[in-house]
Amino acid sequence: MECENYNNLIVKMIDPCPAPHAYLCTYMNNYSAATAVAVHSDFLSLSQLRRQEFQGLLVLSADFRSRNVFGQVLQGKSVALIFEKPSLRTRVTFEVGIRQLGGWPIVLGTAESRLGEREPIQDLARNLSCWVDGIVARVFNHHDLEDLALFASVPVVNGLSDAEHPCQAVADLLTLTDVWPSWSGKEFVYVGDWNNVSRSLWHACLLAGLRFRAICPEKYGPGPLEPVEWSTKPSDVKGADAIYTDVWASMGQEDELESRLEIFRPYQVNEKLIAKTGKHTFFMHCLPAHRGQEVTDSVIESDYSLVFQQAANRLAVEKAILVTVLVPGTQAESATVKRKDGRQL
């Protein structure tokens with residue numbers, strides 16, 4: 001499919017009457033306060049975005065898969081990557097993406113960047129702001145991420161927190177645009193523990209206009225302030241066009257694994273559960289997967305599994321996010337980069 005037609009498809013799936021050229025979501029959120037050094041653009045939560053901004057992020061991500069739309073736009077820029085948690089997909093895709101855009105990634109491990117331990121978050125944020133042009137942080141506590149954004153004078157991107165995993169959710173919705181011609185009539189069902197991934201997926205589906213519902217054990221579902229359609233019955237997967245699951249014990253919850261194994265066993269995504277949907281259903285997982293726990297080998301290796309397409313799309317999505325927050329105001333209609341056929345983006 002030609003890129004222009006593909007972009008039009010994404011636009012139609014999300015918003016039949018979008019604003020023209022709504023590619024980039026600039027100034028998604030700012031944590032301005034008396035103590036803040038400067039007002040700038042951060043990417044901490046999908047709840048920050050409006051529908052057309054989310055649409056623009058998907059379109060730009062699709063462009064990055066087909067060509068390097070902004071070339072070396074990060075030439076001369078440095079980005080600090082903070083990892084309080086282990087990482088494969090987030091670390092590799094951000095580091096590769098920064099380099100492909102001409103920038104310089106600086107990876108900080110837990111010894112240097114455990115937020116609030118070696119030195120106060122406000123000191124870390126102010127120091128990094130003296131040297132780098134942006135910060136990507138994968139953290140345990142979302143409040144620490146917000147504090148980092150508050151005191152930094154450069155953009156901060158959420159590479160994962162206990163509250164949300166927005167980069168993953170954007171890649172997941174981009175993946176679905178590859179297999180569905182439209183959101184119309186589609187049902188997206190999350191099965192398992194309500195966590196950062198499911199919360200970001202819920203926000204993404206709201207922005208896309210895609211019906212979302214969750215199936216979680218009692219006491220492991222959405223909170224009272226989250227108006228999510230959900231049930232406790234695994235049989236409620238009936239009608240699902242896509243089923244998504246995640247690990248039953250996230251990083252930091254390992255001590256709960258034994259008790260969770262018994263509670264979540266009926267929620268395993270296996271061939272029997274997939275068959276209950278009554279239709280052709282795609283399977284999705286953010287990875288890493290604990291095969292034999294939340295999902296079986298036969299499902300994750302099936303021809304209806306999208307897990308590796310999801311992982312592949314992380315690179316394009318994170319390049320789009322980097323351009324959005326580090327080069328604010330770079331709108332499609334004013335971009336100097338040309339298509340191969342010479343037309344303006």
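The values are calculated or read from the model by the stated rules, or taken from the named source; none is laboratory data. The model shown is predicted, which means the values in this text are computed figures rather than measured ones. Every residue, glycine as well, gets a Cβ built from its backbone with ideal geometry; the counts of neighbours run over all protein chains shown. These area figures cover heavy atoms from the full protein model, side chains too; ligands, DNA and RNA do not enter into them. Shrake-Rupley method; radii C 1.70, N 1.55, O 1.52, S 1.80 Å.
Listed by position, the helices (runs of 4 or more DSSP H) contained in segment 123-226 that have at least 2 residues being over 27 Å from Leu306 (Cβ atoms) are 142-151. When Glu117 is tested against (1) open to solvent by 50 Å² or more (accessible area, probe 1.4 Å); (2) in contact with a Ser or Thr (Cβ under 6 Å, 6 or more places away or on another chain), only condition (2) is not met. Could we say that Ile263 is of a type outside the set (Phe, Trp, Tyr) and either at pLDDT below 95 or outside any helix (DSSP H, G or I) (or both) here? Against the criterion (of a type outside the set (Phe, Trp, Tyr) and either at pLDDT below 95 or outside any helix (DSSP H, G or I) (or both)), Ile263 does not qualify. In segment 42-74, the residue that is most open to solvent (accessible area, probe 1.4 Å) out of those that are in a loop (DSSP other than H, G, I, E, B) and closer than 28 Å to Asp162 by Cα is Arg50. In summary, Gln253 fulfils each of the numbered conditions (1) surrounded by 13 or more Cβ atoms within 10 Å (Cβ to Cβ); (2) more than 20 Å from the chain's Cα centre (by Cα); (3) over 26 Å from Ser45 (Cβ atoms); (4) without any contact (Cβ under 8 Å) to a residue 24 or more places away in the chain with the single exception of condition (3). Can you tell me which residue is nearest to Asn195 (Cα to Cα) among those in segment 218-257 that are aromatic (Phe, Trp, Tyr), touching a helix residue (DSSP H, G or I) at 6+ places or on another chain (Cβ under 8 Å) and at pLDDT 95 or above? Per the criteria, the residue is Tyr220. For segment 172-197, the set of residues classified as of a type in the set (Gly, Ala, Ser), in contact with a helix residue (DSSP H, G or I) (Cβ under 9 Å, 6 or more places away or on another chain) and closer than 23 Å to Trp230 by Cα consists of Ser184, Gly192, listed by residue number.
If only residues of segment 256-274 that are among the aliphatic types (A, V, I, L, M) and within 23 Å of Phe212 (Cβ to Cβ) are counted, the one that is most open to solvent (accessible area, probe 1.4 Å) is Ile263.
Within segment 48-64, residues that are closer than 19 Å to Asn158 by Cα reach no partner that is of a type in the set (Phe, Trp, Tyr) and surrounded by fewer than 24 Cβ atoms within 10 Å (Cβ to Cβ) with beta carbons closer than 6 Å at six or more positions or on different chains. Restricting attention to segment 228-242, does a residue exist that is open to solvent by less than 20 Å² (accessible area, probe 1.4 Å), assigned to a helix (DSSP H, G or I) and over 16 Å from Asp162 (Cβ atoms)? Yes, that holds for at least one residue. Within segment 107-122, the set of residues being without any contact (Cβ under 8 Å) to a residue 24 or more places away in the chain and either part of a strand (DSSP E or B) or over 15 Å from Lys85 (Cβ atoms) (or both) comprises Arg118, Glu119, Pro120. I'd like to verify a number: residues in segment 170-223 that are open to solvent by 20 Å² or more (accessible area, probe 1.4 Å), closer than 14 Å to His285 by Cα and touching a residue at least 40 places away in the same chain (Cβ under 8 Å), how many? Total meeting the criteria: 0. Just one of the listed residues (Leu81, Leu124, Leu88) is under 21 Å from the mean Cα position of the chain (by Cα), at negative phi and crowded, with 23+ Cβ neighbours inside 10 Å, and it is Leu81.
When segment 286-319 is filtered for residues that are basic (Lys, Arg), open to solvent by 10 Å² or more (accessible area, probe 1.4 Å) and under 24 Å from Ala249 (Cα atoms), only Arg291 remains.
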